[in-house]
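All remarks here apply to the structure that follows.
The values are calculated or read from the model by the stated rules, or taken from the named source; none is laboratory data. Every value quoted in this text rests on a predicted model; they were computed, and no experiment measured them. Note that each Cβ is placed from the backbone with ideal geometry, even for glycine, and that neighbours are counted across all protein chains shown.
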Amino acid sequence: MSDGVLRLIPGIGVARAYDRSWLAPDFIAGLVLTAILIPVGMGYAQAAGLPAIAGLYATIIPLLLYALFGPSRILVIGPDSSLAAIIAATVAPLALGDPARAEDLAAALALISGAFCIAFGVLRLGLLTDLLSKPIRIGYLNGIALTVFIGQLPKLFGFSVDGEGVPAIVLKA
């Protein structure tokens, strides 16, 4: 097999050099990862305003694709809380309350994002992430965590809120 194909699809090289002694630990790691990522993926899908089944697809399909195209045998990839907020903010206003339209828009967003990721990888533009300082990245992730936490308070404590967005929930609580 040519070096170009192995560079584009590293999973083939990993499979060819796979050591059978790794099978039992890899199987256990796969079971643990499945037990963790399935409920997390379903929860993030619902947080993004999508049906839980969309979270299963967002969990399983990327893992399979990463096995082929990812550069690491031990890296874990899956749904992320920051993505749930971005998807919700992008899809919800355009879906106009229609769940089928929300699923279509989320799927289109995933395909567009994937195309950009592939293009950035081919063009080796990962260095652009270095332009975002660590405080900005930490602040963004903390903001997402706070938004998700405050959004779940009404469900946790059994009250309802008639506001839209985090400021309205905070003011009404």
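A few remarks follow.
- Residues of the range 117-146 satisfying the condition of being surrounded by 11 or more Cβ atoms within 10 Å (Cβ to Cβ) and either in contact with a strand residue (DSSP E or B) (Cβ under 9 Å, 6 or more places away or on another chain) or of a type in the set (A, V, I, L, M, F, W, C) (or both): 117, 118, 120, 125, 141, 144, 145, 146
- Single residue of the range 25-49 satisfying the filter (surrounded by 13 or more Cβ atoms within 10 Å (Cβ to Cβ) and small (Gly, Ala, Ser)) that is farthest from residue 91 (Cα to Cα): 29
- Condition met for residue 105 (buried (at least 16 other Cβ atoms within 10 Å of the Cβ) and either part of a helix (DSSP H, G or I) or touching a strand residue (DSSP E or B) at 6+ places or on another chain (Cβ under 9 Å) (or both)): yes
- Restricting 58, 24 to residues that are in a helix (DSSP H, G or I) and over 19 Å from the mean Cα position of the chain (by Cα) narrows the list to 24.
- Single condition residue 91 does not satisfy, out of (1) touching a residue at least 24 places away in the same chain (Cβ under 8 Å); (2) within 29 Å of residue 26 (Cα to Cα): (2)
- Meets criteria (modelled with pLDDT of 85 or more, in a helix (DSSP H, G or I) and among the aromatic types (Phe, Trp, Tyr)) for residue 116: yes
- Any hit, the range 103-124, residues being among the hydroxyl-bearing types (Ser, Thr, Tyr), over 16 Å from the mean Cα position of the chain (by Cα) and under 24 Å from residue 143 (Cα atoms): no
- Some residue of the range 120-136 being part of a helix (DSSP H, G or I), out of contact with any Phe, Trp or Tyr (no Cβ under 7 Å at 6 or more places or on another chain), aliphatic (A, V, I, L, M) and under 21 Å from residue 65 (Cβ atoms): yes
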